[in-house]
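The values are calculated or read from the model by the stated rules, or taken from the named source; none is laboratory data. Note that the structure is a prediction, hence the values are computed from the model and not measured. Here the Cβ positions follow ideal geometry from the backbone for every residue, glycine too, while neighbour counts run over all protein chains shown.
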Amino acid sequence: MGTGQYIYETGAGSDTGVVRDHNEDSYLTKPESGVWVVADGMGGHEAGDFASQTIVERISSIGRPASAPDLQARFMERLTRAHDLIVEQSQALGGATIGATLVALLAHEDLFACIWSGDSRIYLLRNGEFNQVTRDHTEVQELLNSGAITEEQAEHWPRKNVITRAIGVSQSPNTDETFGSLEAGDVFLLCSDGLTEHVEDHEMATVLKSHDPQAACDALIETTLSRGARDNVTVIVVRCSARPQNPVEAEEPLDWTQGF
């Protein structure tokens, strides 16, 4: 299923993991709208669940956008409403810290956007090259960016998992965005940090190159569980393919500058 000139094959899965007793991750796949989301809740049982589920529930009403800007506007409106509801819930619980990290892939016609807050990630496999699209909002990433520590030091940093952004913990949703043009054969991987804690980037790439989207999700989650899965783990894989088209009906490619 897809929109415009591309169709999308989606795989998805989530697991509580080996250590935790409940799953605070939530995810959403709406290829008919061009929206995929992973939200990783924080705040303990019910609070973290509430945060991630609220994000997914609000965004699930996004409908069918008329354009790339319309899709982004609809997404941010719903994300802002989810953020406000999380803040209200925090206040009702006496100011407890409640929130969720977020990664979202938006796609319309030949354009895509990645929107994120926190340390959940989006990767892109394109023409055999596997790259991280998002940049973690973490204390250790800020130290890396400033040159204060090396990549090797970052691997063993004691506060490696301290995040600096999340939905529901600031005055408004504090997100980053990046935009691009889709290509046939693109494969996107969205995941919570439960995956990246146990599986290396090169291992993810190998799985994506040799499995269809659902089998890739299943394999990555199984690998995480086999390695101890200290956190919840959620994975979405989206493969983009060109829609068969009659040459006389083909349209000129969209200019990304007029899109997102």
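Can you confirm whether segment 171-193 contains a residue that is among the polar types (S, T, N, Q), at pLDDT 95 or above, on the phi < 0 side of the Ramachandran plot and in a helix (DSSP H, G or I)? No, there is no match, as no residue in segment 171-193 is among the polar types (S, T, N, Q), at pLDDT 95 or above, on the phi < 0 side of the Ramachandran plot and in a helix (DSSP H, G or I).
Here the condition is being hydroxyl-bearing (Ser, Thr, Tyr) and over 25 Å from residue 186 (Cβ atoms); of 97, 101, it holds for 97 alone.
Residue count for segment 72-101 under the criterion of being free of Cβ contacts under 8 Å to residues at least 60 places away in the same chain and closer than 22 Å to residue 176 by Cα: the result is 8.
The condition of being assigned to a loop (DSSP other than H, G, I, E, B), buried (at least 21 other Cβ atoms within 10 Å of the Cβ), hydroxyl-bearing (Ser, Thr, Tyr) and at pLDDT 95 or above holds for only one of 52, 33, 26, 61, that being 33. Within the bounds of segment 83-93, is there any residue that is modelled with pLDDT of 95 or more, surrounded by 21 or more Cβ atoms within 10 Å (Cβ to Cβ) and more than 16 Å from the chain's Cα centre (by Cα)? Within segment 83-93 (the criterion being modelled with pLDDT of 95 or more, surrounded by 21 or more Cβ atoms within 10 Å (Cβ to Cβ) and more than 16 Å from the chain's Cα centre (by Cα)), the answer is yes, since at least one residue qualifies.
Of all residues in segment 162-183, those that are in contact with a helix residue (DSSP H, G or I) (Cβ under 6 Å, 6 or more places away or on another chain), among the small types (Gly, Ala, Ser) and buried (at least 16 other Cβ atoms within 10 Å of the Cβ) total 1.
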